[in-house]
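The values are calculated or read from the model by the stated rules, or taken from the named source; none is laboratory data. All of these numbers come straight from a predicted model, not from anything done at the bench. Glycine gets a Cβ as well: all are built from the backbone with ideal geometry, and neighbour counts include every protein chain shown. The area values use the complete protein model at the heavy-atom level, side chains included, leaving out ligands, DNA and RNA. Shrake-Rupley method; radii C 1.70, N 1.55, O 1.52, S 1.80 Å.
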Amino acid sequence: MSTTTNTAPAGSGSKSLASSTAFKTFAIVFGFTTATLYVLCDLMGWPLFSYHPATNRVELFYARPRQGEGPVMYWYGWTATAMLGAAALGMLATLLPQQVAGKIPLALVWIVPVLAIPLLFYSLMPFWTR
Amino acid sequence: MDDLFDFISTNTYWTILLIIHGLLAVALLGALTHQAMSVLMPVREAAASAGFVTRFRAVQGAGYAAAVCVLWVVTFIFGAWIYTEYRIYVRVPIEEGGFWKTQGVFEMKEHLATIGLGLLPIYWYLWKNSRNTEYDSARKWVTMYLAGGCWFSFLVGHIVNNVRGFGS
């Protein structure tokens, strides 16, 4: 009978992630590109899929409401587009040389989401003016 | 799922999910508010006889980071789950009643929830490196953004629920 001993200290996984420059680069790029892509998806109408809740029908990309099938939802599709796109860009950013990745301003992670608010507010203008 | 509906009505099922969503949001709101206060008005020295406000903001913010991430994700999943029911049985009457601004603020809530989801990895990273003063400004603003988004979403959820009332 053989036994194995785990010598890694508890919590070492999160500690190594927290000290990883690759994860830092990924997290910065993921943070501000999620907001950017989400605003673009909302303004341009780019859902990865459309969902018809009354019939549980899922259609790829943008779909108009169908006769007699109730409303169609795009939020899930916008979220999927933004998350997958931001994850891909974040992964690509980790491949950049450290001297380039290190120059990505950290402030973008809060400036871009703040700037997204007036744009999203504007996109909802029909609700405010009706 | 059909077996479940032998015991509870569909209405009760969605109400239970809504209450769980609300309770998770309360926990998230508490954690983020403590953390936001701790970065906005940090307590420099331990004060044994400090008042309520001082003790409220004297928490170790870093200890909340993982819990906030988990709570945001789980609350988001529950919100996304009940959103399908909301779209048909709540939003349609809201539109028929002409409550356009109410629906507008709900749309803003869903936008902020998704953007907040995207900020969680960097939020976690910044708090895990809370001793690094280089990150102080970003950590403060990301935390404030999430706390503000959480408060907005919580209040909007409450208002939207009031449009049709509990259990309707």
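Values as computed for the structure displayed
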{"read-out": "Shape box of the stretch B:84-123 [Cα atoms, principal axes, largest first, Å]", "value": "41, 20, 7"}
{"read-out": "Lysines with Cα under 17 Å of B:Lys128, excluding same-chain neighbours fewer than 8 positions away", "value": "A:Lys15, A:Lys24, B:Lys140"}
{"read-out": "C-alpha center-to-center spacing [the stretch B:3-58, the stretch A:116-130] in angstrom", "value": "29"}
{"read-out": "Partner aspartates and glutamates for A:Lys103 [C-alpha distance under 16 Å; skip if fewer than 8 residues away on the same chain]", "value": "B:Glu134"}
{"read-out": "Carbon/sulfur fraction of accessible area - chain B, other protein chains in place, 1.4 Å, %", "value": "64"}
{"read-out": "Filtered chymotrypsin sites (Phe, Trp or Tyr not before Pro), the stretch B:120-168: DSSP coil and at most 12 other beta carbons within 10 Å", "value": "B:Phe166"}
{"read-out": "Loop sites in the stretch A:39-130: chymotrypsin sites (Phe, Trp or Tyr not before Pro), DSSP, at most 13 other Cβ within 10 Å", "value": "A:Phe61"}
{"read-out": "Longest exposed-site-free window of chain B, the sites being trypsin sites (Lys or Arg not before Pro) in a DSSP loop that have at most 15 other C-beta atoms within 10 Å", "value": "B:45-130"}
{"read-out": "Inverse of mean 1/r across different Cα pairs in the protein assembly as shown, Kirkwood, Å", "value": "21.1"}
{"read-out": "Whole-angstrom Cα spans of the stretch B:14-158 along principal axes, big to small", "value": "56, 31, 26"}
{"read-out": "Total formal charge among the other residues, if their Cβ is under 15 angstrom from that of A:His52, Lys/Arg +1 and Asp/Glu -1", "value": "+2"}
{"read-out": "Chain A: radius of gyration over Cα atoms, expressed as a fraction of 2.2 N^0.38 Å", "value": "1.46"}
{"read-out": "Whichever aspartates and glutamates have a C-alpha closer than 14 Å to that of B:Lys109, once near sequence neighbours (fewer than 8 apart) are set aside", "value": "A:Asp42"}
